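To keep things clear, I will list the structure first and then write my remarks on it.
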Amino acid sequence: MSADAAASGSGLKLTRTQWLICFIATIGFLFDIYELLMLPLVAKSALLDIAGITPGSPEFFTWVGRLFFIPAIVGGIFGLMGGWLTDRFGRRRVLTFSILLYAFAAFFAGFCVNPWQLLFFRCLVFIGVCVEFVAAVAWLAELFPDKVQREKVLGYTQAFSSVGGLSVAIVNYWLAANYMHLPEIPSLLGSISDESNQAAWRYTLMSGLIPAIPLIIIRPFLPESPQWQKKKDAGQLGRPRLRDLFTPQLKKTTIVATILFALAYGAAFGSLQQMRLIIPDTPDVKQAAMDANKSAREDNATLAAANNAKLKAEKAAGESEEADQIFAAARQKAKDDNKTGTAPDNAGAKARDEFIAKKGKAAYGKVVAISGIKASKGTEQATAAKVTKVQEVGGLFGRAIMALLIVVIIARGSTNIWAFVGWSQLAVFLVLEGIAGFSGSIDEHFIRAGKGLLFGGLAGLPIGFFCLRITEAMKGAPTGRVLRLFQLPGMIIVPLTFAFLIPHSLNAAYIGMFLCGFLVVGQFTFWGNLLPKLFPVHLRGTGESFAANIGGRLVGTSFAWVSTTIAGAAFWPETMGGPAKMAYTAAAVGGLLFVVGYIVSGHLPEPQFADHEDEPTDDNAKDSPDSNESESESSPVSAKNESASDKSDDEPDSDADSEDKSA
């Protein structure tokens, strides 16, 4: 292999084991987002089925808040513990059990019969997801010694996180259309009603079991991290301690990375996730909702149902005591009033008939009105779902472009314009599918694929040319400057999209949300690639977990609460509607977070452990500023004692360790 090929990584091919590793990592990242984005799709139907909680009621919003925020808090706290477990017991072992945890937790959530059970299993799902991300990133970073190959593997496998958002939307849509053909779900955790034992939301949750199936089969063939295993076997693996993240060498790194992770999650939850509350106020969507309402009211099926409801209401009213009372009261009044000249019985019958007709008319109108409202809301939800799909495609494209930039600028590898063209073609195709709801005939799918190849190719050429010019100018630039490539345009595009594009035009909303997804979600690939390089082997999982789970899951997700609180404040003009308030709030919050992120990223330290050879060895461990663990780590005698202690602590797992070595 030539020196140039070795430097660029172009001469390296993945082995069969490495392909298995990438496959499992891809499944893990994909189902991370798949599991997390289930809840917005199923919460409404689930709460109505298992607790009879009416959507829009105070109790409904209380439970939605619990289901969104309590699992995030629990996941952040236990995720931090998972990082420690990753450093203590190995990457592969913790990765395996974290995926199994969230897969089986999602599956059993499908048997829930009350909201508390659903909340419990969602907490388990979040714990598994938070731990899995940390373990997977550390595992991948240490399994690929070539730095260019490592950046590509980390970048491309993480890109499938965005595919998870698309996948769960497609699966839920298919289940909603075909649930009546699925088998009835047995009552495992309590009695499931006949109306709910084939519910699409239950099967959507249970589909989270999918990643456990290949994992159980492939797990025996997966190796442990060679870096971690080597240090553990040599007794050089320091015990992970949270306070070591705040030693002089790592303190700034830990704080800055945690803040930037929180800002990235804040932009996602404080702005992107609020789009569904804004899109119903878009003029195009308003008109479409009105047309759907009118069409539903005039639909023959609706009118037939309304007539049936009218007849039932009239019959019930005629047999009610209230009708008899109205008849008697009107009859008595006519008898007492000699001026009317109306026979008392006729007056009573007339009043009774008017009462019955009024009840029938009310029932008729109610059915028609409900049908119109459902159609109107359905149109709004369907449009929001399509915009969300386009946003997810933007996120996928952003992750891919960020991965290519990292390979060239940071890892000093190489790429070519056709990589950008290929990703652009895929993005255009998926955008067209997302706008169409991934529905249509085979011919329509082929037509969209053709348009993706044509228009994506035309767009990919200037995009590739522009990105290659950037990489040439920035090759070897400070790491934080790569992140700023996404933060600088985000300061303008995110506020512009939420304050102006979404409220004024649906087509503009598609463009704006694609770009917002690109800029916000693309940052997560940067962190997935960078985090393993910021911390030494024995603290890698702990450091990653602190930044991702404390910064991202705990602090970052709270910006959803910040946005809703500001939008609901009393200082807004009384004439301004709720969607408009949220639009301006999301614009302000998102823009501010990008500005702060741009400033803070300038203080991001360069990675200290970027290459495998940079890890402290037994000879220099005691001289490293990071190794103020104790004298036991620098003393051969103490190291042997700690190694023996480690072996004794891990005695039940000796078979697994042997398997790791053989693999």
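The values are calculated or read from the model by the stated rules, or taken from the named source; none is laboratory data. Just so it is clear, the structure is predicted and the values come from calculations on it, not from any experiment. No Cβ is skipped: glycine too gets one built from the backbone with ideal geometry, and neighbour counts run over all protein chains shown.
Here is a yes/no grid of residues against (1) touching a Cys at 6+ places or on another chain (Cβ under 6 Å); (2) assigned to a helix (DSSP H, G or I); (3) surrounded by 22 or more Cβ atoms within 10 Å (Cβ to Cβ):
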site	(1), (2), (3)
Ala384	no, yes, no
Thr388	no, yes, yes
Phe397	no, yes, yes
Leu404	no, yes, yes
Ile409	no, yes, yes
Arg412	no, no, no
Trp418	no, yes, no
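Please work out if Val168 is more than 20 Å from Asn549 (Cα to Cα) and surrounded by 24 or more Cβ atoms within 10 Å (Cβ to Cβ). Before you say what the answer is, go through the steps one by one.
Details: more than 20 Å from Asn549 (Cα to Cα): yes; surrounded by 24 or more Cβ atoms within 10 Å (Cβ to Cβ): yes.
Judged against the criteria, Val168 is a match.
Screening Gly422 against (1) more than 22 Å from the chain's Cα centre (by Cα); (2) modelled with pLDDT under 90 leaves a single unmet condition, (2).
For (1) at pLDDT 80 or above; (2) of a type in the set (D, E, K, R), each residue gets a yes or a no:
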{"position": "Lys310", "(1), (2)": "yes, yes"}
{"position": "Thr342", "(1), (2)": "no, no"}
{"position": "Ala357", "(1), (2)": "yes, no"}
{"position": "Tyr364", "(1), (2)": "yes, no"}
{"position": "Val368", "(1), (2)": "yes, no"}
{"position": "Glu380", "(1), (2)": "no, yes"}
{"position": "Ala411", "(1), (2)": "no, no"}
{"position": "Ser414", "(1), (2)": "yes, no"}
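The lone criterion from (1) in contact with a Ser or Thr (Cβ under 7 Å, 6 or more places away or on another chain); (2) closer than 15 Å to Met38 by Cβ; (3) hydroxyl-bearing (Ser, Thr, Tyr) left unmet by Tyr203 is number (1).
Beta carbons closer than 9 Å, at least 6 apart along the sequence or on distinct chains, pair a first residue in the stretch 203-215 that is outside any helix (DSSP H, G or I) with a second that is aliphatic (A, V, I, L, M) for Ile210/Ile27; Ile210/Ala103; Pro211/Ile24; Pro211/Ile27; Pro211/Leu30; Pro211/Ile99; Pro211/Leu100; Pro211/Ala103. Among the residues of the stretch 17-43, not one is at pLDDT below 75 and more than 30 Å from Gly155 (Cα to Cα).
More than 22 Å from Thr96 (Cα to Cα), assigned to a helix (DSSP H, G or I), β-branched (Val, Ile, Thr) and at pLDDT 85 or above - does that describe any residue in the stretch 229-252? Within the stretch 229-252, not a single residue is more than 22 Å from Thr96 (Cα to Cα), assigned to a helix (DSSP H, G or I), β-branched (Val, Ile, Thr) and at pLDDT 85 or above. Taking the stretch 179-211 as the range and being under 30 Å from Phe89 (Cβ atoms) and at pLDDT below 75 as the test, only Pro211 passes. Residues in the stretch 424-454 that are under 17 Å from Gly394 (Cβ atoms), without any contact (Cβ under 8 Å) to a residue 60 or more places away in the chain and of a type in the set (Val, Ile, Thr): Val428 only.
Name every residue in the stretch 122-150 that is of a type in the set (D, E, K, R) and surrounded by fewer than 24 Cβ atoms within 10 Å (Cβ to Cβ), in order of residue number.
Of everything in the stretch 122-150, those that are of a type in the set (D, E, K, R) and surrounded by fewer than 24 Cβ atoms within 10 Å (Cβ to Cβ) turn out to be Glu142, Asp146, Lys147.
Within the stretch 255-284, the residues that satisfy the criterion of being β-branched (Val, Ile, Thr) and surrounded by 24 or more Cβ atoms within 10 Å (Cβ to Cβ) are Ile278, Ile279, Thr282.
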